[in-house]
Amino acid sequence: MTTDFLSHLNPSQRQAVEHFCGPLLVIAGAGSGKTRALTYRIANLVLEHRVDPENILAVTFTNKAAKEMKERIERLFAEREAIREHGKSLESLPGYVQTKLRSHIYKTITKDLWIGTFHALCCRILRFDIEKFQDERGRKWTKAFSIFDESDAQSLVKDIIINQLNLDEKKFDPRSVRYAISNAKNKGLSPQEYEKEQPNFRGRVISNIYSVYQDKLAENNAVDFDDLILIPVLLFRQNEQIRAYWHKRFRHILVDEYQDTNRTQYDLIQLLVTNGESATKFDDWNYRSVFVVGDADQSIYSFRMADFTILMGFQHDFGDGLPDDDTRTMVKLQENYRSTENILQLANELIENNTERIDKILKPTRGQGEPAFCYRAQDEIDEAEFVVQRMRKLEQNNSDLHWGKFAILYRTNAQSRAFEDILVRWGVPYKIVGGLRFYDRKEIKDVLAYLRAIVNPADTISLLRVINTPRRGVGKSTIESLQKASIELGIPLWEIISDETSVKTLAGRSAKGVIAFANIIQKYREMLDAVSANEIVQGVLEDSGYVQDLKAQGTDEAEDRFQNVQELYNAVLQYEEENEDDKSLIGFLASASLASDLDNTPEETTTVSLMTLHSSKGLEFPIVFLVGLEQGLFPSYRSLDDPAAIEEERRLCYVGITRAKERLFISHARERRLYGNREPASPSLFLAEMPRELMDSNTATSIPAKWTKGAAQTKSPILVNHADADADWSVGDRVIHSQFGVGEITNVFGSGTKATLAIRFDGLPGMKRKILPISDRALQSID
DNA sequence: CGTACCATGCTTTTT
DNA sequence: GCATGGTACG
């Protein structure tokens, strides 16, 4: 590697990139160039340290990030080759030479790098090794396994609750049961282990549902998202040989967004790094490294069991555990190359309100910039009007601004509607990023069900989904009798369906339809090994009559669906192009199951982007509108009585602010439609925490007064009644708390049971402010 | 067996 | 206010 290559980096980035063996934690603030550090590091490992690309494993948070990383690495190598071989920059070479160069790089280097999400990488491992795994009840899977998405998993849980166990759906809400199961899996607990932890009846019932759920998954030769990670972990624990193989293979492991890993993912990394030894004792770092990049302040996925204390524990687990100034196993990237100083200061001050974090501030490298602007709207329509009018004005007055430079970020998907209406009215082009997943559409799920049924004969759930889609006259009673036979004989449904004599006796008038269906599945299953994915998809679409049926309907909706099916076919072709070495249908199905809607958003757009704050992570926009800053919406009402959850919401807000490069607009409405009703709304707690001097606003009072640091007004402190929901709190009230002592209310957010109090406690060193839920019974008012 | 209409419950966030 | 799912009827 040439030195000028590394000269693109600041000293901290350089330290991260040049690190070779051993553990390293990189604390990377928003916009601090961490993707650059990651890609350069991989390039440096290969070029400088002669690491075989096969020995490198890089974990990203999204498929899109993985794809980008691959492209950037490929580009780095191509750039270098261009200079070396032709003495010219890549761009100045003729197109065909560029292509040739890139394809050479792909074949010799990037093809062998394992870069992807935990899910995608684990899926790949499982396709090698899942048949060597058996769980403690003897459940087994084959490599043709199906991946059930969240809605598949939930329907399965629901079916078990209602039909298998005859439980009350109201008492055992499928959603929360599924959540409990997911929780258990992310802690690595099997149904039996989970049961031991359950003191009450409800918990034991859930563990029973969990157990049946695993039976059903195995029966269908299917896994859920959690299993994708958990099974490799269990397999590595039970099979030393397999573990040793992957341990030896992945000598250099990189993990991006480490703050959003969960326990199971951590276990996986640890098993791979230490080959099963404990992390603290492991010291054989010859030709081996673990390099994690993250930012505790951007941890926003705890609802998905992500646990940022894993990041905070890295120094203890793998590192030298020394203080920040002396450590050789941690680097902080704090220079921010994205946003103006005003925006960064706003972000820094907001996040300082969190108690659980690694000390870090974003240092500006660009100019002061414009102040942020806060707009108080009457309602969500007014809010959308403001946003759209402001965008139009900016777009008209600045020739360098086009629609692609604007983003509207919100907390919940439901908020997009008002903006869409107004954007349409003013003819502003926009797109919703990461809304309904392409692969969640009904027609797509139908086609995928055909494909899954073909690949995986045990996948009864997919089989049932399409046995009568399109209509073949196979009704409920027919399906029931077929299923009954399958259960009584103890053989998979497919065995019954594919046996003509059985079908004829069981299905009566519908037999013809069932046999026709079985023949289609059978025909393409036989072709699986011989033919590439796209041919099978094309054939299935024809033979099943699915496309014909859509065309026959003649409605706009059907036309739309047809377009989507067409799009799916394109996705298959694209998959084949990108995966020359594995054009199988199995491979495509895996990639489809793990795809998200974010994956296909092109980097360069010419339309306004609308998305949730979660979807915005990792992106940046010159102009950002952060909307709906209202108590109960953002922060979400579900987090109001939980300080840890409020901190996560605050991180989410921090993520939103730090997406902005040049200008930041924030808005909140005084009332808002919720489930069709108008509800009054009060400004978000986070607005109060943003420094006023960095923000303009349309009303003087639109931002609540900043926290005062001066002495509180003295009132004689007398204990009165306990805090209750009806109590009327107001700013300036003196209160006493059993744990924190005497303080003064500095802000009241919301009212009644939804209220949250901000209290400044007297004589609490280091604790400037504390957010307390009103349900906190330890709080009493002083009169 | 398929369709049409009605009721319910929902809003966090997603690989 | 809307999407989903269940029921009643043809």
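Descriptive notes on the structure:
- Subset of the stretch A:592-642 [among the aliphatic types (A, V, I, L, M), in a loop (DSSP other than H, G, I, E, B) and touching a Gly at 6+ places or on another chain (Cβ under 8 Å)]: A:LEU640
- Residues being within 21 Å of A:SER667 (Cα to Cα) and modelled with pLDDT under 90 - total across the stretch A:639-649: 2
- A:ASP560 being within 39 Å of the chain's Cα centre (by Cα), at pLDDT below 90 and in a helix (DSSP H, G or I): yes
- Search result, residues across the stretch A:417-454 that are touching a residue at least 40 places away in the same chain (Cβ under 8 Å), within 21 Å of A:ALA222 (Cα to Cα), in contact with a Ser or Thr (Cβ under 7 Å, 6 or more places away or on another chain) and aliphatic (A, V, I, L, M): A:ALA453
- Members of the stretch A:145-164 found to be among the hydrophobic types (A, V, I, L, M, F, W, C) and either in contact (Cβ under 8 Å) with a residue 40 or more places away in the chain or away from DNA strand C (no atom under 11 Å from the Cβ) (or both), listed by number: A:PHE145, A:ILE147, A:PHE148, A:ALA153, A:LEU156, A:VAL157, A:ILE160, A:ILE161
- Helices (runs of 4 or more DSSP H) fully within the stretch A:192-282 that include at least 3 residues being hydroxyl-bearing (Ser, Thr, Tyr): A:201-219, A:263-274.
- Residue satisfying condition, being in contact with a Leu (Cβ under 6 Å, 6 or more places away or on another chain), buried (at least 18 other Cβ atoms within 10 Å of the Cβ) and over 26 Å from A:GLN13 (Cβ atoms), within set A:LEU344, A:LEU409: A:LEU409
- Qualifying residue in the stretch A:374-388 (condition: surrounded by 15 or more Cβ atoms within 10 Å (Cβ to Cβ), in contact (Cβ under 8 Å) with a residue 24 or more places away in the chain, farther than 25 Å from A:ARG692 by Cα and not basic (Lys, Arg)): yes
- Summed over the stretch A:655-672, residues that are closer than 19 Å to A:ILE408 by Cα and either within 16 Å of DNA strand C (Cβ to nearest atom) or not charged (D, E, K, R) (or both) total 12.
- The sole residue among A:SER636, A:SER616 that is closer than 26 Å to A:THR60 by Cβ, within 23 Å of the chain's Cα centre (by Cα) and within 16 Å of DNA strand B (Cβ to nearest atom) is A:SER616.
- Any chance A:PHE77 is aromatic (Phe, Trp, Tyr), over 19 Å from A:THR117 (Cβ atoms) and within 32 Å of the chain's Cα centre (by Cα): yes
- Residue count, the stretch A:162-204 (criterion: surrounded by 11 or more Cβ atoms within 10 Å (Cβ to Cβ), away from DNA strand B (no atom under 16 Å from the Cβ) and among the aromatic types (Phe, Trp, Tyr)): 1
- Counting only helices (runs of 4 or more DSSP H) that fall entirely inside the stretch A:420-500 and contain at least 3 residues that are within 15 Å of DNA strand B (Cβ to nearest atom), the qualifying elements are A:442-455, A:460-466, A:476-489.
- Checked against the criterion of being of a type in the set (Gly, Ala, Ser) and more than 20 Å from A:SER615 (Cβ to Cβ), the candidates A:GLY367, A:GLY434, A:GLY404 yield just one match: A:GLY367.
- Pick from the stretch A:57-108, criterion polar (S, T, N, Q) and assigned to a loop (DSSP other than H, G, I, E, B), ranking: nearest to A:TYR575 (Cα to Cα): A:THR62
- Of all residues making up the stretch A:49-96, the number that are surrounded by fewer than 16 Cβ atoms within 10 Å (Cβ to Cβ) and closer than 22 Å to A:ARG288 by Cβ: 4
- Checking each residue in the stretch A:444-478 for being over 30 Å from A:VAL572 (Cα atoms) and crowded, with 18+ Cβ neighbours inside 10 Å picks out only A:THR478.
- Residue among A:ALA660, A:ALA669 that is of a type in the set (Gly, Ala, Ser), away from DNA strand B (no atom under 13 Å from the Cβ) and at pLDDT 95 or above: A:ALA660
The values are calculated or read from the model by the stated rules, or taken from the named source; none is laboratory data. Source: prediction; values computed, not measured. In this analysis, Cβ positions are derived from the backbone assuming ideal geometry, glycine residues included, and neighbour counts consider all displayed protein chains.
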